[in-house]
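Heads up: the structure comes next, in structure tokens.
The values are calculated or read from the model by the stated rules, or taken from the named source; none is laboratory data. Just so it is clear, the model here is predicted, and its values are computed rather than measured. In this analysis, Cβ positions are derived from the backbone assuming ideal geometry, glycine residues included, and neighbour counts consider all displayed protein chains. These area figures cover heavy atoms from the full protein model, side chains too; ligands, DNA and RNA do not enter into them. Shrake-Rupley method; radii C 1.70, N 1.55, O 1.52, S 1.80 Å.
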Amino acid sequence: MAAALDDAVATLLSVWEEARERTTNRLSTAQLRVVTVVEQHDGINLRRLATTLGMLLSSASRLCDRLVAAGMLEREPGRSDRREISLHLTPEAARLLAALRADRQARLAEVIAGMSPAGQEALRSGLGEFREAARRSAQTGPRHFPPGPRGPGGEPRSPEASPEPHRPPAGLPEQRSTVVPVDRRRTYEPPTSTARPA
């Protein structure tokens, strides 16, 4: 199931990338991520933006400099701390994101139209459950498996599934190997010939 979903997501990302190239070819993928985060968290400061994107503060700062120069972002002093800079989208960036979503949804609609009604309903229901499960997983944190025996696919195996050492059937004595000690102090002596010379 996870492999099938991973394959489907790769297809979905290719559709999104096509839409990005048609609509927002002025922005790189990294710049588009910045714009999307600022849209979701209007007024975010630079440090929190870098943490959200998982990048260095200096890298996030350079991206924002380019987006300000391109007319996509605005900087203004923070309301609580004037030393902090809050980030906001420009109207042009908002229009660009709206056009991107419209193009993306139109492309997805073309793909979905080729599915059967039953498949469309199953997709809708499955995506809803997946969204809720992902939210619960994000709240509880990632699941870590303790080190131990693993199955053929790399999944952890319970101790009950671990192979037991070989034991003889009940009622039969356990066979033990006998080890004969070797005296390493003795040296090899060739056998003495008893034949007399002719």
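Observations
- Taking a point 7 Å from the Cα of Ser61 along the Cα-to-Cβ direction, none of the residues of the stretch 1-43 has its backbone N closer than 18 Å to it.
- Per residue value of the accessible surface for the stretch 74-134 (all protein chains in place, 1.4 Å probe), Å²: 72
- Calculated FRET value between Thr29 and Ala138, using beta carbons and R₀ = 25 Å, to 0.05: 0.65
- Using a cutoff of 8 angstrom between alpha carbon atoms and counting only pairs six or more residues apart, the relative contact order for the stretch 1-131 works out to 25 percent.
- For the stretch 1-56, a/c is not less than 1.5, where a ≥ b ≥ c are the root eigenvalues of the C-alpha gyration tensor, and a/b does not top b/c. That puts it in the oblate class.
- Loop-located trypsin sites (Lys or Arg not before Pro) in the stretch 1-35, at most 13 other Cβ atoms within 10 Å (DSSP): Arg26
- Separation of the Leu127 and Ala3 label points, Cα + 7 Å toward Cβ, nm: 2.5
- The stretch 1-122 shape via C-alpha gyration tensor axes, a/c threshold 1.5: prolate
- Accessible surface of Leu127 - all protein chains present, 1.4 Å probe, nearest 10 Å²: 90
- For Ser86, the amide hydrogen comes within under 5 Å of the amide hydrogens of Glu76, Gly78, counting only partners 5 or more places away or on other chains and with H modelled in the peptide plane.
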